[in-house]
């Protein structure tokens with residue numbers, strides 16, 4: 001792990017951790033997971049309080065999610081620009097699909113199991129006017145898992161934090177890739193099903209018109 005990260009945590013402590021997890025939940029490119037690992041390691045050495053680290057990370061994440069939900073309710077050009085191209089568009093499409101299929105469970109899973117989709121689930125939940133209390137309940141539960149995993153790993157394996165950083169990064173990337181792949185497969189299957197239904201509908205109407213014409217010619 002870069003020395004600068006340790007330096008920032010040592011200098012600014014839990015307020016920086018709060019801001020980092022907050023920003024990450026708005027799809028901003030900040031090293032929130034690495035910050036939690038580093039803060040957990042500092043807590044293990046006694047330089048930071050473990051409770052304050054957990055609370056700061058959790059509070060920042062939940063506040064960021066609530067801000068994302070609020071932005072989703074407002075919509076507008078910022079959301080459109082943020083989710084209009086490349087990986088962001090694929091993530092936004094997958095987030096909407098997850099939310100439609102799984103509801104609150106999608107919010108919970110996107111906090112930690114499919115965390116790259118988390119900000120886009122926040123936007124989609126706000127845009128679809130998901131019940132705020134339901135969103136918050138699943139959100140807090142999921143963020144508690146996310147914070148516990150990363151702060152806990154930093155606290156347990158502080159001396160081997162570089163190895164933990166690599167392993168968790170690879171696992172997170174793999175899980176995100178699998179989620180996106182599954183979403184693409186589900187979307188393709190849905191499109192094929194709709195195409196088949198349209199063909200059957202058109203065929204049924206075509207047969208009906210043919211039968212009507214046949215009766216007229218017989219008369």
(message) Take residue 100 and residue 137, extend 7 Å from each Cα along the Cα→Cβ direction, and tell me the distance between the two endpoints in nm.
(response) 2.5 nm
(request) Would you kindly state how much longer the chain becomes between residue 203 and residue 51 on full extension, computed as 0.36 nm times their sequence separation minus their alpha carbon distance, in nm to one decimal? (result) 48.2 nm
(message) What would the Debye equation give as log₁₀ I(q)/I(0) for the stretch 3-43 at q = 0.21, 0.24 Å⁻¹, counting only Cα atoms as equal point scatterers?
(response) -0.56, -0.72
(request) Considering Cα pairs under 8 angstrom that are at least six residues apart, work out the relative contact order of the stretch 1-107 and quote it in whole percent. (result) 24 percent
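Bear in mind that the values in this text are calculations on the coordinates, not laboratory data. Because the structure is predicted, anything quoted here is derived from the model rather than measured. Note: ideal-geometry Cβ built from the backbone for every residue, glycine included; neighbour counts use all protein chains shown.
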